[in-house]
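The values are calculated or read from the model by the stated rules, or taken from the named source; none is laboratory data. Here the structure is a predicted model, which means the values were calculated and not measured. Counting neighbours? That spans all protein chains shown, and the Cβs are built from the backbone with ideal geometry, glycine included. Remember, those area values only see protein heavy atoms, side chains included, never the ligands or the DNA or RNA. Shrake-Rupley method; radii C 1.70, N 1.55, O 1.52, S 1.80 Å.
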Amino acid sequence: MALDVARQAEWASSALAHPGTFFIGGEWVAAASGATFTTSDPGSGRLLAEVPLGGGPDIDAAVTAAREAFAGWRNTAPLERAAILWRVADLIEAHAEELARLETLDTGKPYDHSFSYDLRSAISQFRYQSGLASRVNGQVTPMATMRGGLFHSYTRLEPIGVIGAITPWNFPLANVAWKLAPALACGNTVVVKPSEETPLTTLRLGELLTDAGLPAGVVNIVTGDGSTGRALVSHPGIDKITFTGSTATGQDIVRAAADNMTRVSVELGGKNPNVIFADADIDAAVAGAVAAGYWDSGQVCSAASRFYVEESVLDRVLDGLVSAVSALPIGHGLEPGVEIGPLISLKHRSKVAAYVEGARAEGIEVALGGAEIDREGGFYQPTILLGAGRDATVMREEIFGPVISVVPFSDTDEVMAAANDSTYGLAAAVWTRDLAKAHRFTEAIEAGIVWVNTYGVVDPAYPWGGHKKSGWGRENAEQVLREFTEQKAVTMQVGTL
Ligand code: NAD
């Protein structure tokens, strides 16, 4: 039976128990100004919901609510905080199908991706970080310059206070979980500003947080656009901003945060290399390359877009890629079996198309795709570019679409230098059966995340973040403690000098 996109859009508009409102101090309220914006299905262009557009007064109310809730939450017993986070995970799991459907309608990504990655990531993040709540440990360290018996000295890790969390549109629920779970585990309170493109699952999560027993004001959600985000960053009551999004916005945030010396961590864009040596398992490398380049139509910060392939296997890899990529089912994210959904908006599709036209104008060969797809929604053909030089725009800028460049190489030093020739440094992968080559690559590559003979494996126990213009700080893992606590050094004299 054909998918009824109109009915799906109607369902989405009724999926929130409190439509037309956001979440401040435990209450569902409209924007103080009454302003709203709309979010729509990128696969059909249909309206999904009208959402409040938050402004300065709403941010102010949310920060005040978070501040008022802070003392109570930081003093809640760690295991009580952990139990609430675990309940949040249980509730997300109980509503996984509904949330995955809502995520697919708002982002356009295939339902199987929403269900198998986004939902699992959010659930595992809340479960993993619930364990952090009772491990926010300082250290007792002997003083280096003092003889024993004089001082008792130790460090305390304390919650920072009110955190502003700003998320992008491509992994709305997973990204907000990556921020909320550790921030709350450490005893902070939070004001969330989701992307204007995809606010729905974050709002639905707000409803589930209340059901999980989270006290009022501990998490507040203010929907809106970049101006709402700016109001949050520059609010003097915000102690730290945790941001995921583009490098350009990250740079704006860093500049704005300087006024109040607000702490910041920023997870930004990528231009990630995927290196295939001739000695690799080529079938596995091709299958990995398809996922690396085209998962969620390439709208992934860690997507590979620079493919370096050893010359002797170039034809084999290219043939494999062309046949696998041509076979990827394209369609609305709720159609069964779809692997390539629409881009997030028609505007974003125009940006992707302009990169490909620019490449053509620079004389770069379009080996596959390279055109918009004539159907409802912002669809673009999976595309392979061949012969791009190091300085080509498509090799330097993040396209954020289903467009990869394949470049041959013949020498290990040459490919290492090329792989590192980027202002970004988020993720990278190498395919080889040679252990020494793999180790050499993992050591030399300037990236925060490296995969060997696989691509895109993500786990809450492993740190996530980039080098260079891909960001500051790390999410996931126990090290995330450093992002959500302040250290205090305590020195107590106990003996006579
Ligand atoms: P974006 O930078 O346009 O927007 C991200 C968020 O910032 C949105 O909520 C937006 O409203 C808000 N915002 C915009 N201007 C702002 C300002 N001046 N001050 C404060 N907030 C502002 O990014 P996007 O298009 O939503 O997301 C795609 C980008 O995110 C890509 O570059 C991608 O690589 C990156 N990303 C990175 C990671 C990572 O983990 N490194 C993960 C996902 C996405």
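Per-structure values
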| quantity | calculated |
| --- | --- |
| Residue count, the range 206-227 (criterion: crowded, with 24+ Cβ neighbours inside 10 Å and polar (S, T, N, Q)) | 2 |
| Residues that are within 19 Å of LEU318 (Cα to Cα) and not in a loop (DSSP other than H, G, I, E, B), drawn from the range 420-457 | ALA429, VAL430, TRP431 |
| Which numbered condition ILE163 fails, given (1) more than 16 Å from ASP90 (Cα to Cα); (2) assigned to a helix (DSSP H, G or I) | (2) |
| Filter pass, TRP73 being in a helix (DSSP H, G or I), of a type in the set (Phe, Trp, Tyr) and more than 30 Å from ALA185 (Cα to Cα) | no |
| Qualifying residue in the range 330-343 (condition: surrounded by fewer than 18 Cβ atoms within 10 Å (Cβ to Cβ), at pLDDT 95 or above and out of contact with any helix residue (DSSP H, G or I) (no Cβ under 9 Å at 6 or more places or on another chain)) | no |
| Residue that is farthest from the ligand (Cβ to nearest atom), among those in the range 455-484 that are in contact (Cβ under 8 Å) with a residue 40 or more places away in the chain and small (Gly, Ala, Ser) | ALA461 |
| Residue within the range 43-62 that is surrounded by fewer than 17 Cβ atoms within 10 Å (Cβ to Cβ), on the phi > 0 side of the Ramachandran plot and out of contact with any Ser or Thr (no Cβ under 8 Å at 6 or more places or on another chain) present | yes |
| Members of the range 468-483 that are open to solvent by 30 Å² or more (accessible area, probe 1.4 Å) and either within 15 Å of SER302 (Cα to Cα) or touching a Cys at 6+ places or on another chain (Cβ under 7 Å) (or both) | LYS468, LYS469, ARG474 |
| Among (1) surrounded by 24 or more Cβ atoms within 10 Å (Cβ to Cβ); (2) more than 15 Å from the ligand (Cβ to nearest atom), the one test that SER195 misses | (2) |
| The range 125-159, residues that are touching a helix residue (DSSP H, G or I) at 6+ places or on another chain (Cβ under 8 Å) and not in a strand (DSSP E or B) | GLN125, PHE126, ARG127, TYR128, GLN129, SER130, GLY131, LEU132, ALA133, SER134, ARG135, VAL136 |
| Check on THR201, within 16 Å of the ligand (Cβ to nearest atom) and either surrounded by fewer than 24 Cβ atoms within 10 Å (Cβ to Cβ) or under 26 Å from ILE399 (Cβ atoms) (or both) | yes |
| Filtered residues of the range 439-454 (kept if open to solvent by 40 Å² or more (accessible area, probe 1.4 Å) and either in contact (Cβ under 8 Å) with a residue 40 or more places away in the chain or in contact with a strand residue (DSSP E or B) (Cβ under 7 Å, 6 or more places away or on another chain) (or both)) | THR442, GLU446, VAL450, VAL452, ASN453, THR454 |
| All positions within the range 9-40 that are among the β-branched types (Val, Ile, Thr) and open to solvent by 30 Å² or more (accessible area, probe 1.4 Å) | VAL29, THR36, THR38 |
| Condition met for GLY369 (crowded, with 17+ Cβ neighbours inside 10 Å, in contact with a His (Cβ under 8 Å, 6 or more places away or on another chain) and within 18 Å of ALA289 (Cα to Cα)) | no |
| Residue within the range 338-352 that is more than 25 Å from ASP41 (Cα to Cα) and in contact (Cβ under 8 Å) with a residue 60 or more places away in the chain present | no |
| Single unsatisfied condition, ALA417 versus (1) farther than 23 Å from LEU318 by Cβ; (2) out of contact with any Leu (no Cβ under 9 Å at 6 or more places or on another chain); (3) open to solvent by 30 Å² or more (accessible area, probe 1.4 Å); (4) outside any strand (DSSP E or B) | (1) |
| Meets criteria (among the aliphatic types (A, V, I, L, M) and in contact (Cβ under 8 Å) with a residue 24 or more places away in the chain) for ALA436 | no |
| Out of ARG433, ARG360, sole residue that is over 24 Å from ASP283 (Cβ atoms), modelled with pLDDT of 95 or more and basic (Lys, Arg) | ARG360 |
| Subset of the range 225-244 [hydroxyl-bearing (Ser, Thr, Tyr) and within 20 Å of PHE171 (Cβ to Cβ)] | THR228, THR242, THR244 |
| Among (1) assigned to a helix (DSSP H, G or I); (2) open to solvent by 40 Å² or more (accessible area, probe 1.4 Å), the one test that PRO408 misses | (1) |
| Within the range 261-340, strands (runs of 3 or more DSSP E) holding 1 or more residues that are more than 30 Å from LEU481 (Cα to Cα) | 272-276, 304-310 |
| Pair list, Cβ under 7 Å, 6 or more apart: the range 144-157 residue in contact (Cβ under 8 Å) with a residue 60 or more places away in the chain, other residue assigned to a strand (DSSP E or B) and surrounded by 14 or more Cβ atoms within 10 Å (Cβ to Cβ) | LEU157/THR485 |
| Yes/no for LEU3 being open to solvent by less than 60 Å² (accessible area, probe 1.4 Å), among the aliphatic types (A, V, I, L, M) and part of a loop (DSSP other than H, G, I, E, B) | yes |
